[in-house]
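K.L.:
Next up is a structure, given as structure tokens.
Rule-based calculations on the coordinates, nothing more; no lab input. Here the structure is a predicted model, which is why all the values come from computation and not from measurement. Using ideal geometry, Cβ is built from the backbone for each residue, glycine included, and neighbour counts are taken over all protein chains shown.
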Amino acid sequence: MRILVTGAAGFIGYHLCTKLMEKGHQVVGIDNINDYYDVNLKYGRLDEMGISRESSREFNNRVVSSKYGTQLCFVRMNLEDRTNLPVLFGKEKFDYVVNLAAQAGVRYSLENPMAYVDSNIAGFVNLLECCRRYTVGRLIYASSSSVYGNSTEVPFSTEQRVDNPISMYAATKKSNELMAYAYSHLFGIQVTGLRFFTVYGPWGRPDMALFLFTDAILNDRPIDVFNHGDLSRDFTYIDDIIKGVLLILEDDRTDGEKCQLFNIGNSRPVQLLRFIEEIEDATGKKARKRMLPMQPGDVRQTWADVSGLKERYGYNPGFSIKEGVRNFVDWYKAYYQIDVNDGCSGG
């Protein structure tokens, strides 16, 4: 298959592109490489895929991977670019599209809401228009567990009403689901939305708890523990997420609904304080905790009901929190050259 992956320099996008390469698919990745977090990590992921920093700096320049050849190409592009995105679709003739590009981050959405409107709303509509005009076989797009807001009905089910988002980020993700439904209804596009639940693992984002805590603990800084630790999250290891996406991509049945929506998570929520204990075990160091009140936009708990994805596609997450955290800490130490004996950077 010929597949477009948006957000290819991002955490989930990088892992998906890598797995698609292993399976022999033809992939074009796009990403605007914005500076919401350290761009060096994004360039590092691209470099792992054979896309050099120098070649990927210029916008709208098609770059061929030095590792995978023409099996993988990359274009730096804004999703909301209404000139160049249609041109790309016209040239590449994609079979499937996986949309992982978005302005991420709940707290940042309180400070810079227009970034979310540009990328998550205008960009998503632009993508839907391209899928319609160029007859893409299927669109899989990333939604988020944040759409559930502060719901106390657990586990969270896609049958629940989600009309009360408590952050701009959550509101844009709910908007994506509505727009995807409208395009599917009007134009017959086959769309599948996935509500991701706290994805973690190697190459993860620096603004996420696992990265922040690991970095602070290994470098002898205190960690910020919000709501005094009274939080739980359905932490989902990256390999389980990728497995779920691939199950949908590679399913060729035509008997399903044109517009589908699933939770994709681990379905085993973990208390934040236990999560910190797993990081302490993996790093061999104790955390210094700074207990703080709940932050605006945060939710107290998440817990995914994944029965829909399991029944339709056989999805079954397999990674324990202990295994996943240790894999991340091992990657972090190797990537940042951390001396395991004294916790100091090797340079």
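K.L.:
With the Cα gyration tensor of segment 151-258 in hand, give its eigenvalues times 5 under a square root as the equivalent ellipsoid semi-axes, listed largest first in whole angstrom.
P.N.:
Semi-axes (√(5λ), whole Å): 33, 19, 13.
K.L.:
Nearest 5 percent is fine: what portion of the DSSP beta bridges confined to segment 1-135 is antiparallel?
P.N.:
Restricted to segment 1-135, the bridges split so that about 20 percent are antiparallel.
K.L.:
If one computes P(r) from the Cα atoms of segment 74-146, what percent of pairs lie at distances over 15 Å?
P.N.:
Everything past 15 Å amounts to 56 percent.
K.L.:
Dipole of segment 228-347 (Lys/Arg Cβ +1, Asp/Glu Cβ -1, origin at the Cα centre): which of 241, 314, 292 lies farthest to the positive side?
P.N.:
Among 241, 314, 292, the one farthest towards the positive end of the dipole of segment 228-347 is 292.
K.L.:
Sort 268-280, 149-161 by the packing proxy (mean of other Cβ within 10 Å over each peptide's residues), most packed first. Write out the running numbers ahead of the final one.
P.N.:
Numbers: 268-280: 17.8, 149-161: 14.8.
Ranking, from highest mean packing down: 268-280, 149-161.
K.L.:
Taking loop as defined by DSSP and a crowding limit of 16 other beta carbons within 10 Å, which GluC sites (Glu not before Pro) in segment 16-108 fit?
P.N.:
58
K.L.:
May I pose another question? Can you compute the FRET efficiency between residue 23 and residue 252 using 1/(1 + (r/R0)^6), with r the Cβ-Cβ distance and R0 = 22 Å? Round to the nearest 0.05.
P.N.:
0.95
K.L.:
Could you size up the charge dipole of the chain around its Cα centre, putting +1 on the beta carbon of Lys and Arg and -1 on that of Asp and Glu, and report it in debye to the nearest 20?
P.N.:
Its charge dipole is roughly 360 debye.
K.L.:
Then there's this: Per residue, what volume in Å³ does the Cα convex hull of segment 29-163 take up?
P.N.:
Considering the Cα atoms of segment 29-163, their hull volume per residue is 145 Å³.
K.L.:
Can I ask one more? Which entry in [x] 53; [y] 50; [z] 45 matches percent of Cα pairs over 27 Å apart derived from the coordinates of this structure?
P.N.:
Matching the structure shown: [z].
K.L.:
Can I ask one more? Between residue 132 and residue 212, what is 0.36 nm times their sequence separation minus the Cα-Cα distance? Round to one decimal in nm.
P.N.:
24.8 nm
K.L.:
Next up: Explain nothing, just the number: dipole magnitude of segment 1-149 about its Cα centre with +1 on each Lys and Arg Cβ and -1 on each Asp and Glu Cβ, in debye rounded to the nearest 20. Please list the in-between numbers first.
P.N.:
Working: 17 positive and 15 negative charges, 101 e Å.
That gives a dipole near 480 debye.
K.L.:
Do the sum for the chain: with -39,500 (n - 2.57) for every DSSP H run of n ≥ 4, divided by all residues, what is the mean residue ellipticity at 222 nm, to the nearest 500 deg cm²/dmol? Numbers along the way, then the final one.
P.N.:
Details: 13 runs with 130 residues, N = 347.
Value at 222 nm, helices only, nearest 500: -11000 deg cm²/dmol.
K.L.:
Hey, can you list the DSSP H helices of the chain whose Cα span along the axis is 18 Å or longer and whose average Kyte-Doolittle score is at least -1.0? Walk me through the numbers before you get to the answer.
P.N.:
Numbers: long enough: 168-187 (28 Å, -0.14); 321-335 (21 Å, -0.61).
Both cut-offs are met by 168-187, 321-335.
K.L.:
Further, regarding this structure: Please report the antiparallel percentage of the DSSP beta bridges confined to the chain, to the nearest 5.
P.N.:
Around 15 percent antiparallel, to the nearest 5.
K.L.:
Another question, then. If the only charges are +1 at each Lys and Arg Cβ and -1 at each Asp and Glu Cβ, what is the size of the charge dipole of segment 191-301 around the Cα centre, to the nearest 20 debye?
P.N.:
For segment 191-301, the charge dipole is close to 480 debye.
K.L.:
Whole number please: convex hull volume per residue, Cα atoms of segment 131-180, in Å³.
P.N.:
Spread over its residues, the Cα hull of segment 131-180 gives 88 Å³ apiece.
K.L.:
So in segment 191-347, what percent of DSSP beta bridges are antiparallel if you round to the nearest 5?
P.N.:
The answer is about 20 percent antiparallel.
K.L.:
Follow-up. As I understand it, the dipole of the chain uses +1 on the Cβ of Lys and Arg and -1 on the Cβ of Asp and Glu, about the Cα centre. Which of 130, 181, 336 lies farthest toward its positive end?
P.N.:
Going by the charge dipole, the pick is 130.
K.L.:
Take the Cβ-Cβ distance between residue 64 and residue 221 as r, set R0 to 41 Å, and report the resulting FRET efficiency rounded to the nearest 0.05.
P.N.:
It comes out at approximately 0.50.
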